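Written below as structure tokens is the structure these notes are about.
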Amino acid sequence: MLDEHNTEQSEDDATPPDETAAPPDDGPPPDDGPPPDDGPPPDDGPPPDDGPPPDDGPPPDDGPPPDDGPPPDDGTGAARSETDDIDRLQRERDEYYARLIRTTADFDNYRKRTDRERRDLTEHAAMVLLTDLLPLVDDLERALAVDAQDGTVDRRGVEIIHKQLLDLMARRGVAPIEALGADFDPTLHQAVAHEASEAHRDGEVIEELRRGYTLRDRLLRASMVKVAKA
């Protein structure tokens, strides 16, 4: 019974709350005091200077693709190639040596041939000249064989032989050097004496002791002369 009375009383006391009423004032919040002072924040110093950013430079040049070279050889190909090179060099050596032998033999034959031709030409020229001189020798022998009075030889015959000899020399390109009265020329004259003379100019050839000759504008023999000295 008691429980029912209390239950009913409790239901009567429980009135609905007034929604228009102000909320109850619970008072100011409790003052917990100032927050604790942890002191100034720690000074970590200036931020670290990492310097300028690294210069990586130009991009790397990988260059041409790697040459892997010829395919691996088991040794037989390399040995064959080396043998071929040796054989080729030996053939070239033999060819050069044979060519040298032929060239040396050709040059030796050429030298012998030219020497023989030069000797033959010299002998032929001498033979022709001596053949032309033989008639003059015959004339001199005939002149000497003539019986002359007082043991003298006819001058006329000697003059004829001398003229024939000069003509023969002229046909061969030999000409006498006219030295008498000319100025001394060391390329044509050989001075063997000097003589003071007022009648001649200094360096003039005043006497020809031996006649000189030229062969086709080349000196065959110099004239032996005497030169005046002022």
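The values are calculated or read from the model by the stated rules, or taken from the named source; none is laboratory data. All values reported here derive from a predicted model rather than from experimental measurement. Heads up, the Cβs are rebuilt from the backbone with ideal geometry, glycines too, and the neighbour counts pull from every protein chain shown.
Can you confirm whether V158 is of a type in the set (V, I, T) and over 60 Å from the mean Cα position of the chain (by Cα)?
Yes.
State yes or no: is T131 modelled with pLDDT of 85 or more and under 29 Å from L166 (Cα atoms)?
Answer is yes for this residue.
Let's see how each residue does on (1) without any contact (Cβ under 8 Å) to a residue 12 or more places away in the chain; (2) touching a strand residue (DSSP E or B) at 6+ places or on another chain (Cβ under 7 Å); (3) not assigned by TED's automatic domain parsing to the domain that holds S223:
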{"position": "R155", "(1), (2), (3)": "yes, no, yes"}
{"position": "E159", "(1), (2), (3)": "yes, no, yes"}
{"position": "K163", "(1), (2), (3)": "yes, no, yes"}
{"position": "L168", "(1), (2), (3)": "no, no, yes"}
{"position": "E178", "(1), (2), (3)": "yes, no, no"}
{"position": "G181", "(1), (2), (3)": "no, yes, no"}
{"position": "P186", "(1), (2), (3)": "yes, no, no"}
{"position": "H189", "(1), (2), (3)": "no, yes, no"}
{"position": "A193", "(1), (2), (3)": "no, yes, no"}
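Given the condition of a type in the set (S, T, Y), farther than 23 Å from A125 by Cβ and surrounded by fewer than 14 Cβ atoms within 10 Å (Cβ to Cβ), answer yes or no: does some residue in segment 171-188 qualify?
Yes: segment 171-188 contains one or more residues that are of a type in the set (S, T, Y), farther than 23 Å from A125 by Cβ and surrounded by fewer than 14 Cβ atoms within 10 Å (Cβ to Cβ).
Of all the residues that make up segment 189-214, how many are under 16 Å from E178 (Cβ atoms) and assigned to a strand (DSSP E or B)?
Selection size over segment 189-214: 11.
Taking segment 205-230, which residues are under 56 Å from the mean Cα position of the chain (by Cα) and surrounded by 13 or more Cβ atoms within 10 Å (Cβ to Cβ)?
Scanning segment 205-230 gives R211, G212, Y213, T214, L215, L219, L220, R221, A222, S223, M224, V225.
I need the full set of residues from segment 195-230 which are among the charged types (D, E, K, R), within 22 Å of L166 (Cβ to Cβ) and touching a residue at least 24 places away in the same chain (Cβ under 8 Å), in order please.
E207, E208, R211, R216
Matching residues to (1) polar (S, T, N, Q); (2) under 30 Å from R172 (Cβ atoms); (3) at pLDDT below 90; (4) not in a loop (DSSP other than H, G, I, E, B):
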residue: D49; (1), (2), (3), (4): no, no, yes, no
residue: G63; (1), (2), (3), (4): no, no, yes, no
residue: P70; (1), (2), (3), (4): no, no, yes, no
residue: G77; (1), (2), (3), (4): no, no, yes, yes
residue: R91; (1), (2), (3), (4): no, no, no, yes
residue: D94; (1), (2), (3), (4): no, no, no, yes
residue: F107; (1), (2), (3), (4): no, no, no, yes
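Has segment 150-169 got at least one residue that is surrounded by fewer than 10 Cβ atoms within 10 Å (Cβ to Cβ), part of a loop (DSSP other than H, G, I, E, B) and at negative phi?
The answer is yes, given that some residue of segment 150-169 is surrounded by fewer than 10 Cβ atoms within 10 Å (Cβ to Cβ), part of a loop (DSSP other than H, G, I, E, B) and at negative phi.
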